[in-house]
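Read the figures in this text as sums done on the coordinates, not as results from a lab. Owing to the predicted nature of the structure, the values given are computational and were not obtained by experimental measurement. In this analysis, Cβ positions are derived from the backbone assuming ideal geometry, glycine residues included, and neighbour counts consider all displayed protein chains.
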Amino acid sequence: MSAGIAQRYRDLRDALDEELRTCGREPGSVRIVGVAKRQPAEAVAAAVAAGMHDVAENYLQEAQRTFPLLPAVRKHFVGHLQTNKAKAIAALFDVVQSVDRAEAGLALSKAAQQLGKELPVLLQLNISPVERFGCPPEEAERLAETLRMQPGLRLDGVMAIGPLTQDRERVFRAFELAAKTLGRVGGSTLSIGMSGDWREAVRAGSTMVRIGEALFGARG
Ligand SMILES: *Cc1c(COP(=O)(O)O)cnc(C)c1O
């Protein structure tokens with residue numbers, strides 16, 4: 001299985017670079033974050049051995065089980081942020097991509113200060129009618145201002161989940177909205193694109209794709 005995963009990682013890297021060249025962007029300018037939720041730790045470890053440096057988890061408990069089984073990686077939290085778990089999340093993760101409201105930012109800021117660390121965060125945008133979480137794009141600037149005032153946090157950009165639709169043009173337009181909103185929020189990270197829509201995301205300017213099933217297979 002491991003050999004298969006390593007090959008899939010390399011194939012994805014190549015396909016990403018090819019898409020980047022097609023859009024006139026620099027190959028290697030998109031970071032691959034492997035999404036480990038409900039995947040075997042060996043599969044994730046195989047991708048790390050093949051050169052992947054970033055791993056994301058949606059659930060704190062699962063992350064507490066999986067991360068000790070992996071070599072050193074940059075750990076991203078991409079799940080819904082419950083304020084009562086902010087302390088444990090700030091302690092375990094290197095980046096929190098899912099800050100979608102002031103309350104979550106305040107809880108993380110408090111936790112980061114207690115831990116004496118500066119936590120890079122992304123503002124999660126809602127660009128899809130079926131997504132439950134995320135900040136509406138028209139409120140993003142205001143949330144960004146609030147987050148920038150919080151000690152212990154460093155706002156690096158935005159994250160968004162694309163709309164669930166087969167209409168590729170609609171997916172692309174939603175990602176364009178995320179890219180435009182990044183321009184108003186500030187920062188350099190645009191975390192958009194998953195297994196089914198990373199090509200549209202790269203065309204819209206993604207600098208970070210979050211890939212689960214296309215790397216590790218169907219989730220258990
Ligand atoms: C599950 C998940 C992903 C990865 O989804 P795939 O379709 O398996 O690539 C990316 N981002 C977030 C926030 C997720 O919850």
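Which far-off residues, 5 or more places away or on another chain, put their amide H under 5 Å from the one on Leu155, with H placed in the peptide plane?
Residues meeting the criterion, in which the H sits 1.01 Å from N, are Val121.
What is the Rg over Rh value, at two decimals, for segment 113-170, using alpha-carbon atoms and the Kirkwood definition of Rh?
Details: Rg = 14.2 Å, Rh = 12.9 Å.
Over the Cα atoms of segment 113-170, Rg/Rh equals 1.10.
Kirkwood hydrodynamic radius, computed over distinct alpha-carbon pairs, for the chain: how many Å, to one decimal?
Hydrodynamic radius (Kirkwood, Cα pairs) of the chain is 17.4 Å.
Ile127's amide H: which non-local residues (gap 5+, or another chain) put their own amide H closer than 5 Å, with H modeled 1.01 Å from N in plane and none for Pro or chain starts?
Under 5 Å from the amide H of Ile127 lie the amide H atoms of Ile161, each far enough along the sequence or on another chain.
Take the alpha carbon atoms of segment 150-188, find their center, do the same for segment 1-29, and report the distance between the two centers in whole angstrom.
Cα centroid of segment 150-188 versus Cα centroid of segment 1-29: 22 Å apart.
Quick one: what Rg and Dmax do you get for segment 1-131 from the alpha carbons, in Å?
According to the Cα coordinates of segment 1-131, Rg and Dmax are 16.2, 46 Å.
How many nm is it between the label spots at Leu164 and Gln113, if each spot is 7 Å from the Cα in line with the beta carbon?
3.9 nm
From the phi of every residue in segment 100-113, what ³J(HN,Hα) in whole Hz does the Karplus formula 6.51 cos²θ - 1.76 cosθ + 1.60 yield, where θ is phi - 60° and glycine or proline is x?
Calculated HN-Hα couplings, in order: 10, 7, 4, 4, 5, x, 5, 5, 5, 4, 4, 5, 4, 5 Hz.
Dipole magnitude of segment 24-93 about its Cα centre, charges +1 at Lys/Arg Cβ and -1 at Asp/Glu Cβ only, in debye to the nearest 20? Could the numbers behind the result be given before it?
Values: 9 positive and 5 negative charges, 42 e Å.
With Lys and Arg at +1 and Asp and Glu at -1, about 200 debye.
Quick one: putting +1 on the C-beta of Lys and Arg, -1 on the C-beta of Asp and Glu, what dipole do you get for segment 2-216 around its Cα centre, in Debye to the nearest 20? Walk me through the intermediate numbers first.
Numbers: 28 positive and 26 negative charges, 81 e Å.
The calculation lands at about 380 debye.
If you take the square roots of the eigenvalues of the alpha-carbon gyration tensor of segment 68-114 and sort them as a ≥ b ≥ c, do you get rounded (a/c under 1.5), prolate (a/b over b/c) or oblate?
prolate
Which one of Thr181, Ile127, Ala45 is farthest out on the positive end of the charge dipole of the chain, using unit charges on Cβ (Lys, Arg +1; Asp, Glu -1) and the Cα centre as origin?
So the residue we want is Ala45.
Given H placed 1.01 Å from N in the peptide plane, which residues other than close sequence neighbours of Ile211 have an amide H under 5 Å from its amide H?
Val33, Gly34, Val35
Mind checking Rg over Rh on segment 62-144, alpha carbons, Kirkwood formula for Rh?
0.99
Step through the residues of segment 4-12 one at a time and calculate ³J(HN,Hα) from phi using the Karplus curve (6.51 cos²θ - 1.76 cosθ + 1.60, θ = phi - 60°), rounding each to whole Hz and writing x for Gly and Pro.
3J(HN,Hα) across segment 4-12, in whole Hz: x, 5, 4, 5, 4, 4, 5, 4, 5.
Residue by residue through segment 15-22, which ³J(HN,Hα) values in whole Hz follow from phi under the Karplus form 6.51 cos²θ - 1.76 cosθ + 1.60 (θ = phi - 60°), with glycine and proline marked x?
Ordered by residue, 3J(HN,Hα) equals 5, 5, 4, 4, 5, 4, 4, 4 Hz.
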